[in-house]
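The values are calculated or read from the model by the stated rules, or taken from the named source; none is laboratory data. Keep in mind that what you see is a predicted model, and the values were worked out from it rather than measured. FYI the Cβ positions are ideal-geometry reconstructions off the backbone, even for glycines, and counts take in every protein chain you see. These accessible areas exclude ligands, DNA and RNA; they are computed on the full protein's heavy atoms, side chains included. Shrake-Rupley method; radii C 1.70, N 1.55, O 1.52, S 1.80 Å.
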Amino acid sequence: ELAQIGVTGLAVMGRNLARNFARHGYRVAVHNRSYAKTTSLIDDHGDEGTFVPSESMRDFVASLEKPRRVVIMVKAGAATDAVIDELLGLLDEGDIVIDAGNAHFPDTRRREAALKERGLHFVGTGVSGGEEGALNGPSIMPGGSPESYQTLGPMLEEISAKVNGEPCCTHVGPDGAGHFVKMVHNGIEYADMQLIAEAYDLIRQGTGKSAAEIADIFRTWNSGDLESFLIEITADVLGHVDAKTGSAFVDIVLDQAEQKGTGRWTVQNALDLGVPITGIAEATFARALSGSVPQREAARKVLPADAEAWQVDDPDAFIEDVRLALYASKVVAYSQGFDQIAAASEEFDWNIDRGAMAKIWRGGCIIRARFLDRITEAYQRDPELPLLLADEYFTGAIGNSLAAWRRVVMAAARHGVPTPAFSSSLAYYDGVRAERLPAALIQGQRDFFGAHTYRRVDGDGTFHTEWSADRSESPA
Ligand code: 6PG
């Protein structure tokens with residue numbers, strides 16, 4: 001009997017996705033460049049369902065029913081192109097190629113266009129939730145043609161995480177929309193992680209509490225508004241003790257955060273679209289700063305802190321302030337990410353439903369959080385919401401946090417604790433709500449040195465002032 005879906009690339013993510021399909025009763029064709037991975041999957045998990053192993057790509061493709069559905073789960077970039085090239089000669093019109101890796105969305109757009117010319121469907125699909133999610137239910141963000149979703153969608157929905165019985169999978173939009181949304185998901189993931197890290201650092205420096213004590217604080221937070229996967233694992237990481245030294249694990253890890261590129265892509269794209277995703281950008285740069293070893297070494301030797309030693313008077317009150325500041329900053333990061341999705345949707349004509357994205361992020365993925373219910377509701381109230389921050393629920397929540405947020409950022413500045421994500425989120429909040437911005441002055445400077453012109457508050461048209469002559473104004 002032919003297999004209903006195939007997975008090529010059986011490293012841990014591919015292997016777990018294949019097992020997830022098999023556990024849901026699908027016959028799954030499996031293939032890997034080196035056959036040893038395929039046989040080990042069958043040896044270890046063959047009893048979980050029906051696997052159809054093949055040594056060659058040709059046999060793998062031949063083992064699939066038509067239209068064939070082939071999931072590629074290999075390293076993003078050249079490896080993905082190589083697998084696609086190999087598949088091209090073997091597939092028939094109407095077959096569906098699904099790239100479930102973390103591809104850069106412009107690559108996905110290019111591949112989709114190329115495969116379309118050959119009558120094939122290419123579905124760039126975001127998959128979030130790590131190894132564990134891939135096996136037990138990830139959040140799935142498929143792009144590609146609506147037509148391909150008709151046959152593929154139900155299978156993906158079935159293996160996805162469920163929240164209140166609803167699948168964490170929906171057709172995001174055509175062409176690269178799925179990988180785009182996954183990219184922004186990862187950008188938000190960076191912001192969320194950085195905010196949590198800053199919260200930890202503030203508490204540790206401000207109160208002198210140990211990592212284990214702070215683990216308990218995060219555990220408590222996880223039973224409130226901040227309940228989320230990332231807060232939960234943070235408590236676990238902070239509570240973990242290094243077996244070799246007996247120290248807190250977090251104290252023996254080198255403090256240089258790495259990245260595989262999705263955060264950087266998110267920021268690059270935001271610059272192209274002109275969307276201020278300051279929280280995500282600061283989080284990405286904070287990783288870069290942590291890895292700037294020579295600069296840090298040079299700075300450590302000579303740059304004074306000129307800051308007061310720190311011991312907060314009322315630790316419990318301070319910790320509550322940090323919690324509120326974290327919540328508010330988190331709303332900003334999401335609001336910015338959703339703005340970016342809206343801008344790209346417009347730019348590429350993807351028609352992405354932001355409420356639906358919030359919904360499929362409620363379970364399975366790395367940024368899953370109770371908070372996403374609130375975002376889902378906000379977009380239910382107004383699908384065209386111009387700014388998530390301005391939704392009535394969030395204005396209320398931030399209103400309650402604002403004084404605490406300002407106190408935390410002030411304390412951090414006074415005591416020399418870097419909080420790029422907390423501070424920049426507050427600056428964004430104050431910027432976006434400001435009646436007037438000093439951007440007017442920047443327009444004046446631009447017109448002064450480059451005759452770049454400006455618009456007036458009291459009428460239409462573009463104007464220039466003769467700065468080096470009589471300073472008269474004329475229409476440009
Ligand atoms: C997910 C994760 C996953 C991966 C990150 C790690 O949604 O399951 O985002 O895709 O773990 O991309 O990214 P960095 O290595 O860049 O931190």
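Things worth noting here:
- For the stretch 295-340, alpha-carbon Rg over 2.2 N^0.38 Å: 1.79
- Of the complete DSSP H runs in the chain, those spanning 27 angstrom or more by Cα along the long axis with a mean Kyte-Doolittle score not below -1.0 are 177-207, 315-348, 392-415.
- Here E377 and L289 are evaluated by their C-beta separation; at R0 = 41 Å the FRET efficiency comes out at 0.70.
- Residue-wise HN-Hα couplings along the stretch 121-126, as the Karplus relation 6.51 cos²θ - 1.76 cosθ + 1.60 with θ = phi - 60° gives them from phi, are 9, 10, 10, x, 10, x Hz; Gly and Pro carry x.
- Rg(Cα) / (2.2 N^0.38 Å) computed for the chain, rounded to two decimals: 1.10
- Distance between the stretch 35-91 and the stretch 272-328 - C-alpha centres, whole angstrom: 45
- Only beta bridges with both residues in the stretch 1-146 are counted; by DSSP, about 15 percent of them are antiparallel.
- When a 1.4 Å probe is rolled over the protein heavy atoms, the share of accessible surface on the chain that falls to carbon and sulfur comes to 51 percent.
- Debye log10 I(q)/I(0) for the stretch 58-209, one point scatterer per Cα, at q = 0.15, 0.19 Å⁻¹: -0.77, -1.14
- Among the listed pairs K75/K260; K209/K244; K37/K260; K75/K116; K116/K359; K37/K75, a Cα-Cα separation exceeding 20 Å is found for K209/K244; K37/K260; K75/K116; K116/K359.
- Computed over the stretch 297-383, Cα set: Rg, Dmax in Å: 19.6, 54
- Among beta bridges identified by DSSP and lying wholly in the chain, the antiparallel ones come to about 35 percent.
- Shape of the stretch 359-404, Cα gyration tensor, a/c cut at 1.5: oblate
- The simple Förster model, with R0 at 30 Å and r as the Cβ-Cβ distance, assigns T462 and L273 a FRET efficiency of 0.80.
- Put simply, the convex hull of the Cα atoms in the stretch 71-147 casts, on average, a shadow of 5.0 nm².
- One chain, two ends: I233 and E435. Fully extended at 0.36 nm per residue, the span grows by 68.7 nm beyond their Cα-Cα distance.
- Label-reachable residues, the stretch 1-26, where backbone N falls under 17 Å from a point 7 Å from D43's Cα toward its Cβ: 10-12, 15
- FRET efficiency, 1/(1 + (r/R0)^6) with R0 25 Å, evaluated for N136 and R33 via beta carbons: 0.45
- Seen through its C-alpha gyration tensor, with square-root eigenvalues sorted a ≥ b ≥ c, the stretch 300-457 comes out oblate because a/c lies at 1.5 or above while a/b is not bigger than b/c.
- Reducing the stretch 166-208 and the stretch 384-421 to their Cα centroids gives an inter-centroid distance of 17 Å.
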